[in-house]
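Remarks on the structure that follows.
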Amino acid sequence: MESEKPQNPSPMEPQEEGSNKISKKEAAKLERQRRRQEAAAAATAVSTVSIEESDPLSGNYGDVELNDLQSKAVTGRKWTEVGSVAPEMKDQVVLIRGRVQTIRPVGKKIAFVVVRERGFTVQCVLTVKPELVSSQMVKYATSLSKESIVDIEGVVTIPEKPITGATQQQVEVQISKLYGVNRAVPTLPINIEDAARSEVEIEQALEKGEQLVRVNQDTRLNFRILDMRTPANQGIFRIQCQVENIFRQFLLSEGFVGIHTPKLIGGSSEGGSAVFRLDYKGQPACLAQSPQLHKQMAICGDFGRVFEVGPVFRAEDSFTHRHLCEFTGLDVEMEIKEHYSEVMDVVDRLFVAMFDSLNEKCKKELEAIGRQYPFEPLKYLRKTLRLTFAEGIQMLKEAGVEVDPLGDLNTESERKLGQLVADKYGTEFYILHKYPQAVRPFYTMPCHDNPSYSNSFDVFIRGEEIISGAQRVHVPEFLEKRAGECGIDVKTISTYIDSFRYGAPPHGGFGVGLERVVMLFCALNNIRKTSLFPRDPQRIAP
């Protein structure tokens, strides 16, 4: 997955669900549906105009004209986020903008409108009142389609009983003004309440003989814009943002420099055939499998410590729950003074700080994710556990699992070892180091006392690898020899090898997959849940 270790998954390992493209038949069906929706929307607009013309209170509601949406004026009005509406704001007038999640009319004089903004919801109540709210206004509210954008002005009140259908359970907003900013089509491809439903809810309903809609992964990804709006997804991608932010801030505090390396390169950066090849102005080129070569060159350029956040491309046909053809890499490279354990020290401090910060500052997001995808908080130690590869093999052997001591761990062995480590040491986050040299990239430094092993490591969360790292070979002659042994044309990486001819310090580093970190921290079952617009062997849209 990451920059140090080429992916070698079984191509037959099943992913959660397929990622098929939309068929011609389905596309035609969607087009017919779109036309019906446009016709219905036009009819609704005509109906709205007639209502407004006959109602003296029409100024308190209605669709906002396009002219007013074209940055016409700065009014200075104060807006309140839905997630900020709280009991201490009782009797205050608030102005909120959000999406219509549900509309529930009660006769002709009352309607309940649940409004959502960034995963938070509040119940708003529209009640007919003289000189303020007309029956036509209630009718207008009930004509709004789900997911339409609305502006609501109203007074915050405290309901007699907590509201079960909204995140802001202790408050309501009594609507005095309601404006449609942008209408969604009347019929959506997927409903947000269906997409936000947990498997537990679906199974419980089945036990009662009820049938609830299950939105499968393919449908979610085909209509990703709608899927993003669920509270869980809002939480997932805010967590992802924080992981990247913590990564940057921690490394900056440790004296690292952020860099940007090219994604178009002349040769493979990892070895093997899993690269996207292309023509670059008449020259052969490929998309970078990692920033590996260039971040090492930056160390030779005397930056000392560098990091990068950027896209990484892998052309493998990996139909698994944890592999993508494009992911976001979090890469680190640094000088080593004496021992590659210095790199592991950085990993230790970085991730403990990251986990602490996420648990402390992202409680609402983690709760939102947990409501749809229940999970136990990650168990980790203040000082990260380190085991040698040989020690890990011994633990597996004692548990009855035979593993080649000079080979790599497969997915099942990794998970089994993760379980054994959790049971014995009480942690789901640990480092396994001193891997066999044969399973590492050509630029990995062999062990000083046994060339069959290497100065390298992998890091695991919940029994799955998230990081590969190592000390690098910085001696050019040895590097050429290693590249040749791994089947890499030395000419294609000549500038990389030459960079070590001008004097290179001992150095090492590691690569992390952002999407995989979030997936495993939140115990999600598929990496496509943590990729905003995933790219796998079968999906290149939307």
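The values are calculated or read from the model by the stated rules, or taken from the named source; none is laboratory data. Because the structure is a prediction, the values reported are computed rather than measured. A quick note on method: Cβ atoms are made from the backbone with ideal geometry, for glycine too, and the neighbour counts reach across all protein chains shown. Accessible surface areas use protein heavy atoms only, side chains included; no ligands, DNA or RNA. Shrake-Rupley method; radii C 1.70, N 1.55, O 1.52, S 1.80 Å.
Below, the figures for the structure above:
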{"read-out": "Long-range neighbours under 7 Å by Cβ, at least six apart or interchain, first residue closer than 17 Å to Ser253 by Cβ within region 351-370, second basic (Lys, Arg) and part of a loop (DSSP other than H, G, I, E, B)", "value": "Val352/Arg382"}
{"read-out": "Residue count for region 453-468, restricted to those that are at negative phi, open to solvent by less than 10 Å² (accessible area, probe 1.4 Å) and outside any strand (DSSP E or B)", "value": "0"}
{"read-out": "Some residue of region 408-420 being in contact with a Cys (Cβ under 9 Å, 6 or more places away or on another chain) and closer than 17 Å to Gly463 by Cα", "value": "no"}
{"read-out": "Filter pass, Thr142 being of a type in the set (Ser, Thr, Tyr), open to solvent by 20 Å² or more (accessible area, probe 1.4 Å) and under 21 Å from Gly59 (Cα atoms)", "value": "yes"}
{"read-out": "Members of region 417-452 found to be part of a strand (DSSP E or B) and either without any contact (Cβ under 8 Å) to a residue 40 or more places away in the chain or more than 20 Å from Pro291 (Cα to Cα) (or both), listed by number", "value": "Phe429, Tyr430, Ile431, Leu432, His433, Pro436, Pro446"}
{"read-out": "Top-ranked residue in region 469-490 [being touching a residue at least 40 places away in the same chain (Cβ under 8 Å) and in a helix (DSSP H, G or I); ranked as farthest from Gly329 (Cα to Cα)]", "value": "Glu485"}
{"read-out": "Scan of region 359-377 for residues that are out of contact with any helix residue (DSSP H, G or I) (no Cβ under 6 Å at 6 or more places or on another chain) and hydrophobic (A, V, I, L, M, F, W, C), ordered by number", "value": "Leu366, Phe375"}
{"read-out": "Candidate set: region 350-383, residues that are in contact with a Ser or Thr (Cβ under 8 Å, 6 or more places away or on another chain) and more than 18 Å from Asn233 (Cα to Cα); chosen: the one most open to solvent (accessible area, probe 1.4 Å)", "value": "Lys379"}
{"read-out": "Number of positions in region 499-530 that are small (Gly, Ala, Ser), in contact with a Phe, Trp or Tyr (Cβ under 7 Å, 6 or more places away or on another chain) and either in a loop (DSSP other than H, G, I, E, B) or closer than 13 Å to Asn233 by Cβ (or both)", "value": "1"}
{"read-out": "Spans of strands (runs of 3 or more DSSP E) in region 101-183 with at least 1 residues acidic (Asp, Glu) and within 19 Å of Val85 (Cβ to Cβ)", "value": "110-117, 149-157, 172-182"}
{"read-out": "Index of the failed condition, His321 passing every other in (1) open to solvent by 40 Å² or more (accessible area, probe 1.4 Å); (2) at pLDDT below 95; (3) within 19 Å of the chain's Cα centre (by Cα)", "value": "(1)"}
{"read-out": "Where Gln204 falls short, out of the listed (1) in contact with an Asp or Glu (Cβ under 9 Å, 6 or more places away or on another chain); (2) free of Cβ contacts under 8 Å to residues at least 12 places away in the same chain; (3) closer than 17 Å to Val82 by Cβ", "value": "(3)"}
